[in-house]
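**Student:** Below are the structure tokens for one structure; questions will follow.
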Amino acid sequence: MTDEAMVAVEVEAGGGGGGGPPPGGHSESSIGPESFVVDKLTSSAFTAVNPPMDWCDSSFLIPHEALRREMQAMLKSVEALDPKAPGDELWKARNFCDWYINSFHVNINTHHHTEEAIYFPWVKTRCAAQDFPEKTSKAHEALVEELDAIKKICEMVSSGNVPASEVEGGVPGAITQLKEKIPVFVQNMSEHLQEEETSFPPILRQCFTREEEQEIVNVILKEGGLTQARLFLPSIILAMKEWASEEFQAAFNSAIPPPIAHLLNNYYLPDQLSYWAPLRDSPTLEMEPELRRVPCCKCFFCCHCCL
């Protein structure tokens, strides 16, 4: 039942570049420039004179807008990190690193993996070799290396174990490296997302139908399962409140089947707001946050635990 539910929801986008779905049940013509609040988009690929036009654009904006907003928040936290912070304030760096390891790294890594393993090979079935943007695929290797290098530093900060052979200066030295490496990663990742938003929609329009892309998105959804729904779907929903029209949001949300909507509204979204976001934002906070996750209802048939 789990996989079928995830295939039906068509809202998880932590997977391939086209891993965002069209709102369920709408005709192709129902997504147009009016579906987007252009001045709220974080994408530099679109402007008021060059707005997103259709499902080909929304397929990339759904995951990318969520990722960029997470990166914006991450940059604010990194800027606030203080390598010279006293010991009783190290919770700020540790909380941030826990979020990076267990949420952000998972989402980005899954995003790249499903692009390489599922989405790009599918595009290549009809796109002429000379027209495929190989640059986007090659960029993944460098981005994953950066992503993993930052994760390794975060693991040192979280554990407090910073080998001198790896990083000079102990935990303060590791925090300094985070402040250096993360902005570079965000810049490189942002350029990569823009490249995808510029290169792939024209290929989709020329080579595929919306229904065909929907089929490959379903494969991506099944690959990500409920782990990606739990970690990434709340970010998608929250970001969409800013950049998508009310009609687009309503259609998108109506595609979520009741079991997943229950998990989203009663567990995943509350956990995002009271656990994951405070972890991420800890360097910007004065007081250590009270991290809360929705507890299990303790019923033997609890869908939160079963799913």
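We did not get these values from a lab; they are worked out from the coordinates using the rules stated. Not measured: the values here are computed from a predicted model. Please note: Cβ atoms are built from the backbone with ideal geometry, for glycine as well, and neighbour counts cover all protein chains shown.
**Student:** Roughly how many nanometres apart are two label points built 7 Å out from the Cα toward the Cβ at residue 152 and residue 75?
**Tutor:** If labels sit at residue 152 and residue 75, their model points lie 2.6 nm apart.
**Student:** Compute, for the chain, the length of the dipole vector about the Cα centre, with Cβ point charges of +1 (Lys, Arg) and -1 (Asp, Glu) only. Units Debye, rounded to 20. Kindly include the intermediate steps, with their values, before the conclusion.
**Tutor:** Working: 24 positive and 45 negative charges, 115 e Å.
Magnitude of the dipole: close to 560 debye.
**Student:** Going toward the positive end of the dipole of the chain, with +1 on Lys and Arg Cβ and -1 on Asp and Glu Cβ, which of 236, 291, 52 do you reach last?
**Tutor:** 291
**Student:** Which cross-chain or sequence-distant (5 or more) residues have an amide H under 5 Å from the amide H of residue 36, H modelled 1.01 Å from N in plane?
**Tutor:** Those lying under 5 Å, H to H, from residue 36 are 245.
**Student:** I need to check one value: relative contact order of segment 2-306, counting alpha carbon pairs closer than 8 Å and at least 6 residues apart, in percent.
**Tutor:** After rounding, I find 37 percent.
**Student:** Give, as ranges by residue number, the residues of segment 133-173 whose backbone N falls under 19 Å from the point 7 Å along Cα→Cβ of residue 198.
**Tutor:** Answer for this model: 133-143.
**Student:** Points 7 angstrom from Cα along the Cβ direction at residue 292 and residue 117: gap in nanometres?
**Tutor:** 3.7 nm
**Student:** Related question: Using a cut-off of 16 Å between alpha-carbon atoms, which lysines can reach residue 241, once sequence neighbours fewer than 8 places away in the same chain are excluded?
**Tutor:** Hits, sequence-local ones excluded: 40.
**Student:** When the Kirkwood hydrodynamic radius is evaluated over all pairs of different C-alpha atoms of segment 2-306, what value in angstrom, to one decimal, is obtained? Walk me through the intermediate numbers first.
**Tutor:** On the way: mean 1/r = 0.0497 Å⁻¹.
Mean inverse Cα-Cα distance, inverted, gives 20.1 Å.
**Student:** Next question. How about residue 138: which aspartates and glutamates have a C-alpha closer than 19 Å to its C-alpha, ignoring those fewer than 8 places off in the same chain?
**Tutor:** Cα-Cα hits under 19 Å: 115, 116, 146, 148, 191, 195, 196, 197.
**Student:** Is the shape of segment 41-84 best called rounded, prolate or oblate, per the rule: a/c under 1.5 gives rounded, else a/b larger than b/c gives prolate, else oblate, with a ≥ b ≥ c the square roots of the Cα gyration tensor eigenvalues?
**Tutor:** Numbers: a/c = 6.57, a/b = 2.69, b/c = 2.44.
It is prolate, given that a/c is not under 1.5 and a/b is the larger ratio.
**Student:** What lysines does residue 179 reach when the alpha-carbon gap must be under 25 Å and sequence neighbours fewer than 8 apart in one chain are set aside?
**Tutor:** Qualifying lysines at Cα under 25 Å: 76, 84, 92, 151, 152.
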